[in-house]
Structures are given as structure tokens and as C-alpha cells.
1. Residues to consider are 100, 111; find the one that is within 22 Å of residue 2 (Cα to Cα), of a type in the set (Ser, Thr, Tyr) and surrounded by 14 or more Cβ atoms within 10 Å (Cβ to Cβ).
2. Please find, among 55, 65, the residue that is in contact with a strand residue (DSSP E or B) (Cβ under 8 Å, 6 or more places away or on another chain) and small (Gly, Ala, Ser).
3. When the range 90-123 is examined, which residues are found to be more than 15 Å from residue 29 (Cα to Cα) and touching a residue at least 24 places away in the same chain (Cβ under 8 Å)?
4. I'm checking my understanding of the structure. Among residues of the range 49-89 that are β-branched (Val, Ile, Thr) and without any contact (Cβ under 8 Å) to a residue 24 or more places away in the chain, which one is surrounded by the most Cβ atoms within 10 Å (Cβ to Cβ)?
5. I'd like the residue in the range 8-44 that is part of a helix (DSSP H, G or I) and of a type in the set (A, V, I, L, M, F, W, C) and, out of all such residues, is surrounded by the fewest Cβ atoms within 10 Å (Cβ to Cβ).
6. Would you be able to tell me the number of residues in the range 66-109 that are under 17 Å from residue 33 (Cβ atoms) and among the hydrophobic types (A, V, I, L, M, F, W, C)?
Amino acid sequence: MLKFGHLDESTDVHDQQKEKVGPVTVINTIVAPEGKEDEVVAAWTADAEYLKKSGNLLSVQLYRGIGGSRLFTNVAVWKSTEDLRAALGTPEFASFVEGYPAGTVAYPHLYQKVAVEGVCEGE
């Protein structure tokens with residue numbers, strides 16, 4: 001089963017989901033238990049396929065750490081926090097959380113683009 005941790009103790013991801021903004025990017029770092037990396041990818045694939053069916057997931061990409069790393073990072077862009085909350089709040093999604101191998105820990109956090117003149121665009 002997937003457990004959740006916090007990278008920023010001052011900001012809970014559930015509180016972030018209450019904000020009414022969009023688009024919103026979820027960056028979720030996942031730590032796989034040793035030797036269970038393939039099982040984590042399989043579980044992530046199942047829940048990502050389910051979430052894509054919501055129609056409000058604009059893009060999703062999984063990254064894997066190199067050099068023997070057990071870290072994965074999921075970057076998902078949602079139409080809005082309301083759409084994200086609706087998709088995550090279903091009993092079906094809850095069943096996917098249980099599909100991860102024991103000892104898997106996820107560190108999700110919500111973000112919005114920041115415009116930095118001459119470097120990167122905002123929304």
C-alpha cells in the first residue's frame with residue numbers, strides 16, 4: 001500500500017487541493033522499496049491509466065532516477081484543482097493506492113508555473 005509523506009511540512013497536499021486554481025501541476029516523488037521498482041511502475045501505470053480516463057488530466061509523465069536510484073517522479077498537469085480532487089476522491093482511485101508494494105512512499109505536492117522574464121513562461 002502507498003503511504004504519503006510531506007516534503008514541505010508547512011503545506012499539506014490536501015490543503016493545496018482546496019485552492020481553486022488551474023491548471024495545476026502535481027509533482028509526486030515516489031520511493032520504491034528495494035527490489036520492487038517494477039511493481040511500483042506497474043501500480044503507477046494502472047492508476048495513471050485510470051486518471052487519464054477522467055478527461056481532465058492534461059498530461060502525465062513518469063521519470064526514473066538513474067544509477068540504481070529507487071526514486072520515481074510523476075509530473076501530471078490537471079485542468080484544475082477541482083478536477084484533480086474529483087478524480088482522487090473516487091473509490092476506484094482508492095483501490096489503486098492499495099496496489100503499490102508495501103513500503104512505497106509518495107511525496108506529492110501541487111504547483112503552478114511561475115513566469116520569469118526572459119527565462120520561462122507562466123500559464
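No value in this document is a laboratory result; all are computed from the given coordinates. This one's a predicted model, so the numbers in the text were calculated from it and none came from an experiment. Neighbour counts run over all protein chains shown; Cβ positions are idealised from the backbone, glycine included.
1. Criteria check complete, one pass: 100.
2. On the way: 55 fails: in contact with a strand residue (DSSP E or B) (Cβ under 8 Å, 6 or more places away or on another chain).
Among 55, 65, only 65 is in contact with a strand residue (DSSP E or B) (Cβ under 8 Å, 6 or more places away or on another chain) and small (Gly, Ala, Ser).
3. First, the residues of the range 90-123 that are more than 15 Å from residue 29 (Cα to Cα): 90-96, 98-99, 101-102, 112-123.
Within the range 90-123, 92, 93, 96, 98, 99, 101, 102, 112, 113, 123 meet the criteria.
4. At the first step, the residues of the range 49-89 found to be β-branched (Val, Ile, Thr) are 60, 66, 73, 75, 77, 81.
Going one step further and asking which of them are without any contact (Cβ under 8 Å) to a residue 24 or more places away in the chain, we end up with 60, 66.
On the way: 60: 16, 66: 7.
Filtering first and then ranking leaves 60.
5. Looking only at the range 8-44, we keep the residues that are part of a helix (DSSP H, G or I), and these are 13-17, 37-44.
With the extra rule that they be of a type in the set (A, V, I, L, M, F, W, C), the set shrinks to 13, 40-44.
Values: 13: 19, 40: 24, 41: 15, 42: 13, 43: 22, 44: 23.
Among those residues, the one meeting the criterion is 42.
6. So the answer is 6.
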